[in-house]
Every structure is written in C-alpha cells, then in structure tokens.
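The values are calculated or read from the model by the stated rules, or taken from the named source; none is laboratory data. Since the model is a prediction, treat every value here as computed from it, not as a measurement. Every residue, glycine among them, receives a Cβ derived from its backbone with ideal geometry; neighbour counts consider all protein chains shown. We work out accessible area using only protein heavy atoms, side chains counted, and drop any ligands, DNA or RNA first. Shrake-Rupley method; radii C 1.70, N 1.55, O 1.52, S 1.80 Å.
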Amino acid sequence: MKRNENHVFLQIFLESMNDYSKKLKNSIYQLVTEAADELGVDAYVVGGIVRDLYLKRNSKDIDIVVVGSGIGLAKAVARKLSPSPAVNVFKNFGTAQFRYNDEEIEFVGARKESYDYDSRKPHVEDGSLQDDLNRRDFTINALAISLNGPNQYQLVDFFNGVQDIQNKIIRTPLDPDTTFSDDPLRMMRAVRFSTQLNFQIAPDTAASIARNAERLKIISKERIIDEFNKILLSPKPSVGIVQLDKLGLLQHFLPEVLNLKGIETINGKGHKDNFWHTLEVVDKIAAVSHHLYLIWAALLHDIAKPVTKKFNPSLGWTFHGHEFVGSKMVPAIFRELKLPTNDKMKYVQKLVALHLRPQALVDESITDSAVRRLLFEAGDDVDDLMLLCEADITSKNSAKVEKYLTNFAIVRRKFIEIEEKDKLRNWKSPIDGILIMETFQLRPTKEVGIIKTAIREAILDGVIGNNYEEAYQMMLEEGKKMGLKPIL
Ligand code: ATP
Ligand code: MG
C-alpha cells in the first residue's frame, strides 16, 4: 500500500470516532500495541469493526486477531488496564474475551480451518494472518488493520474488501461453494448483511447460495434465528425475507410463512396474496418500532390464513377464526425455532389472537363496554396492538386506508378516555377469590368462580363501577341467587 493511502485510511479511522470513544478506543488499541510488542507477536484489529469504520457505522465489539496466542495477548492487555477486567477464556476455541467500559473485546489466535462435509466442527490449527482471513465469510469482513510493528495502522485487504464496500457488494473471499459448504450459516449471514447494509449479493455468490441452500439443515436453529432476527430488525426486513425465499433458504426454517404465498381464484374471485401482505405489514412495523417480538407478531399475524381458507359462493373467500388458530400455531413455531417460549411468546400469541379486534370495534360501533373488554384483554400491550392493526391496513385504495386510520384514532382516544375513568389496563378484580370464600365460608368450589366471573363481566359491561363497594355488593347479590349466606 502507498504511503498516502495509509494516511487517508488513518484519517477515516480516527474521524469515525467521537471524542469519548476515540479516547477509549485509542487507549485500548494503544495497549494492544504495547502488549503485542512486548510479547513479540503481530496483532490486528479485524472483521466487522474495520468494515464499519469504512461505513461510518457504529460498532460495538472489537475483534483482535493475533499471529500467536489470543489468550496470552488478552491477558497481557487486561493486566495493563486498571481496574483490570476479568478475562473469559475459551480454551477449546483459542479465544479470550473481556468487557471494558461496555465494550466487548475479543482476542483470537490466527487460525486455519478445514471442514468435513457432514459436520460443522472444523479441524483447527494455528495459521497465518492470510489463513485467518481466508476462513472469514465475506470480503467486507476480511479486512484487518495492523496494530504494531513496522506496518502499524496499515490496512490488510487481500480480497478487495474496500472496493466491495464502495460498490456495496457481498462476496465470499474464496470460492463461494467452499465458503458456504464449510459453514452454511454464512448463507444466512449474506442475506443478513445485504438487508442491514443495503448491499447486493454478488451473482456468483448468490448462485452458490441457491445451490447449497439445502445445507442449512446442518445448522442449529439458534444460529439461524440469530441471523433472521437481525434481518427482522433491519430497516426493511422484506428485502431479506424475499431474498431468503428466492435463494431457497426460507423453506428450511419458516415454511409456514412461505405457505402464505399465492392467490387462489374461484368463479373469478381471488383473495390477496398473504405473503406480500405480511411483508408489507412487517416493513411498516419495522419502520416504527425496534421491538423484535412486535415484528414477529406482524410476521405471524395471518399465519393461519392458509389453513382456515374457505370459498363461500356468496361471501367469496373467508378466513374465519384465523386469528385464534394462528395464535395456537405460535407455540409450535417458537419451539421449533428455539425462540423463547416464555412471556415473549405469549405476547406474540396475544397480538395474533387480538389483531382483528380493534377493527371489529370500529365496525360494530365503538361502545364503552367493547373498548373496556379490549383494554382488559390487551393490558399493557394495547398500544402495540394498535400499531399492528394500523400496519395491517394495506389496501391500495387510499380513501379506505384514510377512513380506517381515522377510525383507529378514535379508538385510541376512547382507550385513553376509558382507561382514565375505569383503570382497566392490567385489571385486577376489586374482590378476590379469598374474600368470596371467607364471606360465604366456601372451599374453592365452582360458586367462587361464578361470582368472580359475574363481577368481572359486570365491570367490563359498565353495569357496576370498577371499585370495591359496588363489587362487594354484587358479590352478596350473586351469592344470594345461589342460596349462599354470608358470614357477617
Ligand atoms: P455485527 O457484529 O454487526 O453483527 P460482524 O461482522 O462484527 O457484524 P460478527 O458475527 O460479530 O459479525 O463476527 C465478527 C467477524 O467474525 C466477522 O466480521 C467475520 O470476519 C467473522 N465471522 C463471524 N461469523 C463468521 C462465520 N460464520 N464464518 C466466517 N467468518 C465469520
Ligand atoms: Mg461483531
């Protein structure tokens, strides 16, 4: 590399840092330089962070590759810091890592990898910097900057990665068939980077993905979903999902979404293509929210349309109950994909189940009791539900869209009004089961449930207020109806 290019590079390197991180990063790099010199090894900053320097993008983690022991260098650098951070050592991988001021700094010894066809576990041996960069996924991720010795701050770019960054190209450093066969997750990563960065996958790289797509099945669902979640959190997830489909990857982990595709026509009547509709909804949500599971809810909101689809000669196409059937499909999908099956899954289920309700509210005239019921069922997630419903309006008829959105604005106002009055979000009955049992000297029998339900229904219908006095009175009346006598 020529001297002036170096100079330009260094400028990019420094300009891209704000004052705080400049100090921090300079100090870390400075310490790596000193420690590497002392140990007599060559160290480089490598991978995503170098790419992001060129893209002027914020990057959290710092990866250091060292021709020698990564663990040794990590410990030496950590010793120079005060307070000295704890170093996590992964002996099997020859890597070590520590956190410093909220950043993760990972050290790895340069290595050479070779793979068996059937396994994801590589044979690893020590290697040169070139060996290490050969095993990286894309040219844009195979850049390194020397941190010590006579070449300090020089860029190492064996595969024209900088040019690919400038041309916005995703390309493998080696023959793509080798790169993808070695670690098929890289196919997901190609689509992920393309979606996040708005880069094109080079034609020969894309053709190779299409050829090797089947190999995704040797990859764990956790790793696949990790990349897929990053696609969902990109500015326009549909770009990635369409590519995953075109390249034959989507069918290997989310066939349910692919089943949404297509339009059936009977007697000249068709329905909308639910795949494209879903992508539109996902994009609209991703544009206004970074809540991953809200985006998942958007992706799965119509998931049961294919299985509930019916043709009715007078009504045309119907998808009755798709919201409930869809909500019931969520757990199997989450389990299969190793997504969390806790409250996050329940949240997705809830939004899928309720996604038609605000619309129904509008159609059936917005009564206080219907609003109360929805507030009660949606709880704290009512705002997310409204975002989903608004995004769900994808008609081409702008007057229609306008009308729906105006109606939803009325619903939102109504929510606020009723919530102020009745406090139904995360509602708890003013009378609990224990009080009912004590009052009537009951064991936990079905009468207790009947009284509880009657009180809840009366409050949601606005027959009584959401307060202890009225609920207590109602409890006595309901008990009386069943011949129960209160112990006063
Ligand atoms: P980001 O952190 O924004 O997701 P990144 O490029 O830093 O992007 P990481 O997953 O953090 O991605 O990986 C760091 C670097 O390690 C990459 O830039 C790449 O050089 C290399 N790398 C990561 N995963 C793979 C892989 N599966 N195959 C080959 N190289 C990889
Ligand atoms: Mg990273």
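Considering the stretch 206-252, and only residues there that are over 26 Å from A287 (Cα atoms) and touching a residue at least 40 places away in the same chain (Cβ under 8 Å), the residue that is surrounded by the fewest Cβ atoms within 10 Å (Cβ to Cβ) turns out to be S220. Quick one: is T308 under 26 Å from L233 (Cα atoms), free of Cβ contacts under 8 Å to residues at least 24 places away in the same chain, in the same structural domain as K414 (by TED's automatic domain parsing) and among the hydroxyl-bearing types (S, T, Y)? Taking the combined requirement at face value, the residue does not satisfy it. Filter the stretch 153-186 for residues that are open to solvent by less than 70 Å² (accessible area, probe 1.4 Å) and among the polar types (S, T, N, Q) and give the result. Residues satisfying the conditions are Q154, T172, T178, T179, S181. At least 3 residues being open to solvent by less than 20 Å² (accessible area, probe 1.4 Å) is the threshold, and among the helices (runs of 4 or more DSSP H) wholly inside the stretch 279-354 those reaching it are 292-300, 322-336, 343-354. Residue pairs whose Cβ atoms lie under 7 Å apart, sitting 6 or more positions apart in sequence or on different chains, and linking a residue in the stretch 265-279 that is assigned by TED's automatic domain parsing to the domain that holds H320 and closer than 18 Å to E323 by Cα to a partner that is open to solvent by 10 Å² or more (accessible area, probe 1.4 Å) and not in a helix (DSSP H, G or I), are H271/I263; H271/E264; H271/W317; D273/K261; D273/G262; D273/I263; F275/K261; H277/T394. From the list T406, T439, T453, the one residue that fits, being among the polar types (S, T, N, Q), out of contact with any Asp or Glu (no Cβ under 6 Å at 6 or more places or on another chain) and open to solvent by less than 40 Å² (accessible area, probe 1.4 Å), is T439. Please determine whether any residue of the stretch 84-92 is charged (D, E, K, R) and part of a strand (DSSP E or B). No; the residues of the stretch 84-92 include none that is charged (D, E, K, R) and part of a strand (DSSP E or B). For the structure I just gave you, tell me whether G483 is part of a loop (DSSP other than H, G, I, E, B) and within 44 Å of the chain's Cα centre (by Cα). When the stated conditions are applied, G483 does not pass them.
Would it be correct to say that K446 is modelled with pLDDT of 90 or more, of a type in the set (K, R) and open to solvent by 70 Å² or more (accessible area, probe 1.4 Å)? When the stated conditions are applied, K446 passes them. Of all residues in the stretch 125-178, those being within 16 Å of ligand 2 (Cβ to nearest atom), of a type in the set (G, A, S) and under 16 Å from V66 (Cβ atoms) number 1.
The set of residues in the stretch 54-83 that are without any contact (Cβ under 8 Å) to a residue 60 or more places away in the chain and in a helix (DSSP H, G or I) comprises G70, I71, G72, L73, A74, K75, A76, V77, A78, R79, K80. Can you pull out every residue in the stretch 378-388 that is open to solvent by 10 Å² or more (accessible area, probe 1.4 Å) and either in contact with a Ser or Thr (Cβ under 9 Å, 6 or more places away or on another chain) or closer than 21 Å to V281 by Cβ (or both)? Selection gives D381, D383, D384, L387. Is one or more of the residues making up the stretch 58-78 within 31 Å of the chain's Cα centre (by Cα), open to solvent by 20 Å² or more (accessible area, probe 1.4 Å) and away from ligand 2 (no atom under 15 Å from the Cβ)? Within the stretch 58-78, not a single residue is within 31 Å of the chain's Cα centre (by Cα), open to solvent by 20 Å² or more (accessible area, probe 1.4 Å) and away from ligand 2 (no atom under 15 Å from the Cβ).
Has the stretch 109-124 got any residue that is open to solvent by 10 Å² or more (accessible area, probe 1.4 Å), assigned by TED's automatic domain parsing to the domain that holds A144, more than 31 Å from the chain's Cα centre (by Cα) and acidic (D, E)? Within the stretch 109-124, one or more residues are open to solvent by 10 Å² or more (accessible area, probe 1.4 Å), assigned by TED's automatic domain parsing to the domain that holds A144, more than 31 Å from the chain's Cα centre (by Cα) and acidic (D, E). When F415 is tested against (1) at pLDDT 90 or above; (2) part of a helix (DSSP H, G or I), just one condition goes unmet, and that condition is (1).
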